[in-house]
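*Asks:* Let me give you the structure first, and then I'll get to my questions.
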Amino acid sequence: MKKITSLDKAKIIARLAAEKKGEDIVIMDMRMVSTMCDFFVVISASSSRRVNGISNNIRKQLSKNKISPLHVEGGQGQYWILLDFEDVVVHVFYK
């Protein structure tokens with residue numbers, strides 16, 4: 001089985017967000033800027049409910065490949081959620 005790269009993971013996350021109507025999706029390459037992560041994916045949503053739906057979809061689909069976030073900030077009913085997948089950090093927020 002091919003090892004998934006951090007760029008592949010960021011692209012998968014962006015696709016999963018788009019499937020749940022994520023908006024203004026941006027993948028930022030952080031490799032030359034920060035040691036915190038390789039990529040930062042920013043996603044906006046039109047409601048707090050959609051923020052949760054996008055986040056849950058990302059977590060559910062990645063878990064099928066045994067990829068789980070190391071840390072999660074925010075949560076149900078929040079206007080933002082941060083998912084830390086170590087090499088890719090995802091920020092979903094209500095715009």
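*Asks:* Using the crude model of +1 on Lys and Arg Cβ and -1 on Asp and Glu Cβ, and no other charge, please compute the dipole size for the chain relative to its Cα centre, in debye to 20.
*Replies:* With only Lys, Arg, Asp and Glu charged at Cβ, the dipole is about 480 debye.
*Asks:* Considering only protein heavy atoms and a 1.4 Å probe, what is the carbon-and-sulfur percentage of the accessible area of the chain?
*Replies:* For the chain, the apolar C and S fraction of the accessible surface comes to 53 percent.
*Asks:* Report the Cα centroid-to-centroid distance between the range 55-95 and the range 1-20 in angstrom, as an integer.
*Replies:* Centre-to-centre distance over Cα atoms comes out at 13 Å.
*Asks:* What net charge do the residues around Ile25 carry, taking every other residue with its C-beta under 15 Å from that of Ile25, with Lys and Arg at +1 and Asp and Glu at -1?
*Replies:* Local net charge: +3.
*Asks:* Could I ask something else about it? Taking the range 1-79, which trypsin sites (Lys or Arg not before Pro) meet the DSSP loop condition and have no more than 11 other C-beta atoms within 10 Å?
*Replies:* For trypsin sites (Lys or Arg not before Pro) across the range 1-79 that sit outside H, G, I, E and B with at most 11 neighbouring Cβ atoms in 10 Å, the list reads Lys2, Lys3, Lys64, Lys66.
*Asks:* Here is a follow-up. Compute the helix-to-body angle for 6-19: its Cα long axis versus the longest principal axis of the chain, expressed 0 to 90° and rounded to tens.
*Replies:* Taking the Cα atoms of the chain, the angle to 6-19 is about 20 degrees.
*Asks:* Pick from Ile81, Ile43, Ile67 the residue whose mean-square fluctuation is largest in a GNM of the chain, springs joining Cα atoms under 10 Å.
*Replies:* Of the options given, Ile67 has the highest mean-square fluctuation.
*Asks:* Shifting gears a bit: Could you give the Stokes-Einstein D for the chain in µm² per second, using the C-alpha Kirkwood radius, 10 °C, 1.306 mPa s?
*Replies:* Stokes-Einstein gives a translational diffusion coefficient of 122 µm²/s.
*Asks:* When the helix-only estimate is applied to the chain (DSSP H runs of n ≥ 4, each -39,500 (n - 2.57), divided by the residue count), what is the mean residue ellipticity at 222 nm, nearest 500 deg cm²/dmol?
*Replies:* When only DSSP H runs of four or more count, the value is -10500 deg cm²/dmol.
*Asks:* Which percent, to the nearest 5, of DSSP beta bridges fully inside the chain are antiparallel?
*Replies:* Rounded to the nearest five, the antiparallel share is 65 percent.
The values are calculated or read from the model by the stated rules, or taken from the named source; none is laboratory data. No experiment lies behind these values; they were computed from the predicted model shown. FYI the Cβ positions are ideal-geometry reconstructions off the backbone, even for glycines, and counts take in every protein chain you see. The accessibility values were calculated without ligands, DNA or RNA, using every heavy atom of the protein model including side chains. Shrake-Rupley method; radii C 1.70, N 1.55, O 1.52, S 1.80 Å.
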